Amino acid sequence: MDHGTETGEEAGAVAGAGANTGEEASADAGAVTPTATERGLTRRGVLGAAAVAGAVVGVAGLSGCGSGDATPRSVHGNRHTLSAGPVPTGVQSAATLAENAKPGAADWRIARLGAPEAIEGYTDKASARPGEPVALSVSTTASGFTVSAYRVGWYGGTQARLVWRSARIRGERQAAPVIESATRTVKASWKPSLTLDTRGWPEGAYLLRLDAVNGSQRWVPLVLRSQDAHGRVLVMHGTATWQAYNTWGGTSLYQGVNGSYGSRALKVSFDRPYADEGAEKFLAYERAVVVLAERLGLPLAYTTGIDVHTDPSILGGATAVLSLGHDEYWTPQQRQSVTKARDAGTNVAFLGANTCFRRIRVEDAGRTVVCYKTDYRDDPAYLQDRALTTTDFRSGPAADPESSMTGVLYEGYPTDAPYVVRSPDHWLFEGTGVRAGDSFDHLVGVEYDRVTPGAPTPRPIEILAHSPLVCNGDHSHSDSAYYTARSGAGVFASGTMRWVEGLMAGGHDDGGDHGMNARTAAFVAKVTENLLNAFALGPVANHRPEPKDNVQAVYG
């Protein structure tokens, strides 16, 4: 897909304010209504299709909300800047600064895809420790190809550094994928073409570029994860969500080979390439945060959500953990571990929307993601441990809405609306020059979250932005929100899936920015800088003002 479209295939978990979404699901009857996509409609065909309400357990019916005054207003003064703000003394990392002082590679991007089968590949590990061997399987119609490993960072603005490049490797067309009939899981099961020696490669987010001799190119993403994150900001990549949407070979967790929801996969495997250019989710929803954090010179660590599930010790001592722009699929263990870290003083930022919406299980040493969704009664866990049944977190048989952790509740898609500031004096908005009511066109979309008083919500919580919107004809709002835990940890939720994309606004980086402009990019960059700089100092309540609960004032 091109980056000018969006990945809003999820359930309209709440059909829009005004709908009665307070249905109680019993332990045995937590049925969820299939969404437009779950009935087999894809993003490309139905970005404007109506989302269908799902069951929201324990959440009172949402009251209708008027459109409000969403007229865009200019920011007063010329106080926005794209340059990085000052980083607090003692927070910058010599290692991050030294790495980003190395020369970047201006030609790292893909110039020509070619036909889908021209060249494609996958690694035997979604993440690895530096020094660990990584097998790379490649299929190509060309006689040969090379592999280039680019580490994503700042690098003087080039945004990537060439760490390694292979010699020419003989190309071959590998076998057609196999679909396992019981779960409709696609596996390529290709033989390795080469093994990457990652000794000397620094931790971080990588893009492996496959270059066929006929000119075709594809990405293979790879995370070189950190051993620990003590005293560092931990970037948590959403690889489970990447795979959930992957249609390579014909099936994803949303659709099957005939495009219908009913023929979708119940399990998806990392043993296959990603569709299209190979790294769309990372490029659209994650890369810009990596670039910004490395530009600030912060002490950084890298991991994935599946690795947090497998070994939660990575969270120990982290100053902050960052959940990025589209981080929908979590295991209960991952969620428990992030919540435990919050309660121990680790700040948490949710820089997207629809976060922690689907409850999943991982199998085969993390190589398989399981989510039965509306067919949850067919999930073997249903008869063994209902708390592990793979459906939406908020739905039966073990309802646990995500808002108890994030502070906000996913409501629906699609929408496109201005982002409207409500609490301009909050420390997160320092240096932006905004006033109450200032707005930023198109920053809210395509999916959104809001503070929902009837859902489990930490208090006090401050709504920083309250943005009127219309979603499938219903009037509602998107909220950016901030609260602190008893440990002093700060928790921020952007309430919009376009937050990370907003960092690239105005430059048409990766193909599109949904109409957002450079003014929006400056605003999002400054707020995110304020957030990262503060979160890197440890529990935010120790050095920033407490939130001022305004839920009653906003929602009555």
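A short reminder: the numbers here are calculations on the coordinates, not readings from a lab. On a predicted model such as this, the values are computed, not experimentally measured, just so you know. Neighbour counts are summed over all protein chains in view; Cβ atoms, including those assigned to glycine, are modelled from backbone coordinates with ideal geometry.
I need the Kirkwood Rh of the stretch 435-539: take the reciprocal of the average 1/r across all distinct C-alpha pairs and report it in angstrom. Mind dumping the intermediate values first?
Details: mean 1/r = 0.0670 Å⁻¹.
In the stretch 435-539 this quantity evaluates to 14.9 Å.
Near residue 191, which lysines are there with a Cα under 20 Å away, not counting those fewer than 8 places off in the same chain?
Partners found: 125.
What distance in nm lies between label points placed 7 Å from Cα along the C-beta direction at residue 146 and residue 537?
With each label point 7 Å from Cα toward Cβ, the separation is 4.7 nm.
Which stretch or stretches of the stretch 243-286 have amide N atoms under 16 Å from the point lying 7 Å from residue 182's Cα along the Cα→Cβ direction?
265-269
I'd like the distance between the alpha-carbon centres of the stretch 474-500 and the stretch 173-228, rounded to an integer number of Å.
The stretch 474-500 and the stretch 173-228 have Cα centres spaced 34 Å from each other.
Could you give the distance between the Cα centres of the stretch 531-556 and the stretch 246-267, to the whole Å?
So the separation of the two Cα centres works out to 41 Å.
Which far-off residues, 5 or more places away or on another chain, put their amide H under 5 Å from the one on residue 347, with H placed in the peptide plane?
320, 321, 490
Hey, could you grab the Kirkwood Rh for the stretch 94-555? Inverse mean 1/r over distinct alpha carbon pairs, Å, one decimal. Walk me through the intermediate numbers first.
Working: mean 1/r = 0.0446 Å⁻¹.
Computed over Cα pairs of the stretch 94-555, the Kirkwood hydrodynamic radius comes out at 22.4 Å.
For the residue pair residue 404 and residue 546, what label-to-label distance in nm results when each label sits 7 Å from Cα along the Cα-to-beta-carbon direction?
It works out to 2.3 nm between the two label points.
Dividing the convex hull volume of the alpha carbon atoms of the stretch 147-305 by its residue count, what do you get in Å³ per residue? Spell out each step's value before the answer.
On the way: hull volume 22.1 nm³, N = 159.
Per residue, the Cα convex hull of the stretch 147-305 comes to 139 Å³.
Sort 411, 328 so the one with the fewest other Cβ atoms within 10 Å of its own Cβ comes first. Numbers along the way, then the final one.
Details: 411 33, 328 28.
Final ranking by Cβ density, sparse to dense: 328, 411.
Work out, step by step, the length gained on full extension between residue 258 and residue 132: first 0.36 nm times the residue separation, then minus their alpha carbon distance; give nm to one decimal.
Working: separation 126, 0.36 × 126 = 45.36 nm, distance 3.90 nm.
Contour length minus the Cα-Cα distance gives 41.5 nm.
Measure of size requested: the Rg and Dmax of the stretch 294-440, with Cα atoms as the atom set and Å as the unit; please supply both.
17.7, 55
Given 526/548; 102/340; 281/548; 267/526, which pairs have Cα atoms separated by over 28 Å?
On the way: 526/548 22 Å; 102/340 37 Å; 281/548 35 Å; 267/526 40 Å.
The answer is 102/340; 281/548; 267/526.
How do 449, 385 rank when sorted from fewest to most other Cβ atoms within 10 Å of their own Cβ?
Details: 449 30, 385 11.
Fewest-to-most ranking of 449, 385: 385, 449.
Testing the spin-label approximation: label points 7 Å from Cα along Cα→Cβ at residue 486 and residue 169. State their distance in nm.
5.2 nm
At R0 = 30 Å, how high is the FRET efficiency between residue 191 and residue 333 if r is their beta carbon distance? Nearest 0.05 is fine. Provide the component values of the computation, followed by the final result.
Details: r = 33 Å, r/R0 = 1.09.
After rounding to 0.05, the efficiency reads 0.35.
Viscosity 1.306 mPa s, temperature 10 °C: Stokes-Einstein D of the stretch 249-361 from its Kirkwood Cα radius, in µm² per second?
Values: Rh = 15.8 Å.
In µm²/s, the coefficient rounds to 100.
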